[in-house]
Amino acid sequence: MKEKLKRSLVLFVTFFKIGAFTFGGGYAMIPLIQKEVVEKKRWITDSDILDIIAIAESTPGPIAINSATFVGYKIAGVLGSFCATLGVVLPSFVVISLISVVLREFSQIQAVQFAFRGIRAGVLALILKALISMYKQCPKNAYGYVIMALAFVGASLLKLNVLAVLIFCAVFGLVASLVADRRAKK
């Protein structure tokens, strides 16, 4: 029990840092989560983080919170899940509470507007880094490229519901795996 409590506290601090020093939301946090929990702490593998992100994206709620919850549970059970989730949420809650009070007063200042434009550009770079990292972990075959292309077209061009796109991808991946298994057995 003492070890689990210690790991839960480390999870809280780790995810608090991630939540405190990441701008741009959940997708911008993915590279930091990967760096902290895979590279630095070695709690989980690259394959595990890819699975966690896929599950976090497929479940309701923000991806960073879901990722923290799943990582925390994998490391220290329910208490770890709670601590990691609280850690990642608390900085944003405090900052947003303070900003909402102050922003009305400063939102018309041009320097503030320029700063937010710069932050948006930095967030885009973090999201692209996460995309590249996830792409490197995904299987590179015809099925994977077809799923990726169809998902992109469905979500971006056809404006399909993201949940519908994810369900389609899961079904397509399952069918493709079953077909590949049958061919391998022949």
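The values are calculated or read from the model by the stated rules, or taken from the named source; none is laboratory data. Only a predicted model underlies this, so the values are computations on that prediction, with no experimental measurement involved. Every residue, glycine among them, receives a Cβ derived from its backbone with ideal geometry; neighbour counts consider all protein chains shown. Side chains are part of the model used for accessible areas, which takes the heavy atoms of the whole protein and leaves out ligands, DNA and RNA. Shrake-Rupley method; radii C 1.70, N 1.55, O 1.52, S 1.80 Å.
Odds and ends about this structure:
- From the list Val94, Val101, Val112, the one residue that fits, being within 29 Å of Ala68 (Cβ to Cβ), β-branched (Val, Ile, Thr) and surrounded by 11 or more Cβ atoms within 10 Å (Cβ to Cβ), is Val94.
- The residue of segment 100-125 that is farthest from the chain's Cα centre (by Cα), among those that are small (Gly, Ala, Ser) and part of a helix (DSSP H, G or I), is Ala111.
- Of all residues in segment 81-91, those being of a type outside the set (S, T, N, Q) and either farther than 15 Å from Ser67 by Cβ or free of Cβ contacts under 8 Å to residues at least 40 places away in the same chain (or both) number 2.
- Filtered residues of segment 130-146 (kept if in a helix (DSSP H, G or I) and either touching a residue at least 24 places away in the same chain (Cβ under 8 Å) or of a type in the set (Val, Ile, Thr) (or both)): Ala130, Ile132, Ser133, Met134, Gln137, Tyr143, Val146
- Boolean, Val94 is farther than 13 Å from Met29 by Cα and assigned to a helix (DSSP H, G or I): yes
- Matching residues, segment 37-51, being over 18 Å from Thr22 (Cβ atoms) and either modelled with pLDDT of 90 or more or assigned to a loop (DSSP other than H, G, I, E, B) (or both): Arg42, Trp43, Ile44, Thr45
- With respect to being more than 22 Å from Lys129 (Cα to Cα), of a type in the set (Gly, Ala, Ser), touching a Gly at 6+ places or on another chain (Cβ under 8 Å) and at pLDDT 90 or above, Ala76 falls outside the description.
- Applying a threshold of 6 Å to beta carbon distances and a minimum spacing of six or more residues, or different chains, the list of pairs starting in segment 40-62 at a residue that is more than 17 Å from Val165 (Cα to Cα) and ending at one that is open to solvent by 60 Å² or more (accessible area, probe 1.4 Å) and at pLDDT below 85 reads Asp46/Gln137; Leu50/Gln137.
- Count of segment 147-161 residues, restricted to those that are hydrophobic (A, V, I, L, M, F, W, C), in a helix (DSSP H, G or I) and exposed (fewer than 13 other Cβ atoms within 10 Å of the Cβ), is 4.
- Checked against (1) over 15 Å from Tyr27 (Cβ atoms); (2) modelled with pLDDT of 85 or more, Gly122 meets all criteria but (1).
- Lone qualifier among Ala54, Ala76, Ala68 - being open to solvent by less than 40 Å² (accessible area, probe 1.4 Å), under 24 Å from Cys169 (Cβ atoms), of a type in the set (Gly, Ala, Ser) and in a helix (DSSP H, G or I): Ala68
- Residues that are open to solvent by less than 90 Å² (accessible area, probe 1.4 Å) and under 16 Å from Gly26 (Cα atoms), drawn from segment 128-142: Leu128, Ala130, Ser133, Met134
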